[in-house]
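Taking it in order: structure first as structure tokens, then the write-up.
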Amino acid sequence: MKIVYRGQFTMAGRDLIRRCGYGEHYDRQAGKTSYSKHLGGAARYPRFHAYVTEYEQGFEIDLHLDQKAPVYAGASHAHNADYDGSAVVNEVERIKTIIDRHLKPKS
């Protein structure tokens, strides 16, 4: 599920998602930075997983819920993820509430 903010802001999207409790991770194989928030104690899964894309005029957060670890060898899907559903919708609303509190337009 995507969350889109348009405009120029005093904080970057990557800083704002970290304010929402997400940790930053760099995947050397994919060459991408992503952010995750674990749902249960020390377990790696399930977790919310987000990619943040910065634009000249705003940013976008692409969020999904990873249910289990990726399986690559011969699998038709890289992992079991939910891109909508009540858990994802509730997390999107939580993220929006936090970001809206911290988001300030650039003067």
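The values are calculated or read from the model by the stated rules, or taken from the named source; none is laboratory data. All values derive from a computational prediction rather than experimental measurement. Glycine also receives a Cβ, built like all others from the backbone with ideal geometry; neighbour counts cover every protein chain displayed.
Can you pull out every residue in the stretch 25-38 that is surrounded by 12 or more Cβ atoms within 10 Å (Cβ to Cβ) and either at pLDDT below 95 or not in a strand (DSSP E or B) (or both)? The one that is surrounded by 12 or more Cβ atoms within 10 Å (Cβ to Cβ) and either at pLDDT below 95 or not in a strand (DSSP E or B) (or both): 38. Residues in the stretch 22-65 that are touching a Leu at 6+ places or on another chain (Cβ under 7 Å) and small (Gly, Ala, Ser): 1 in all. Note on the stretch 1-49: residues that are in contact (Cβ under 8 Å) with a residue 40 or more places away in the chain and among the aliphatic types (A, V, I, L, M) amount to 7.
Among the residues of the stretch 75-89, those identified as outside any loop (DSSP other than H, G, I, E, B) and either hydroxyl-bearing (Ser, Thr, Tyr) or at pLDDT 90 or above (or both) are 82, 86, 87, 88, 89. Going by the conditions given, is residue 71 β-branched (Val, Ile, Thr) and either modelled with pLDDT of 95 or more or assigned to a strand (DSSP E or B) (or both)? In short, no.
For the stretch 90-103, a residue qualifies if it is assigned to a helix (DSSP H, G or I) and either among the aliphatic types (A, V, I, L, M) or touching a helix residue (DSSP H, G or I) at 6+ places or on another chain (Cβ under 8 Å) (or both), and the qualifying residues are 92, 95, 98, 99, 102. Selection within the stretch 39-76: residues that are surrounded by 10 or more Cβ atoms within 10 Å (Cβ to Cβ) and in contact with a Pro (Cβ under 8 Å, 6 or more places away or on another chain). The member of this set that is nearest to residue 91 (Cα to Cα) is 65.
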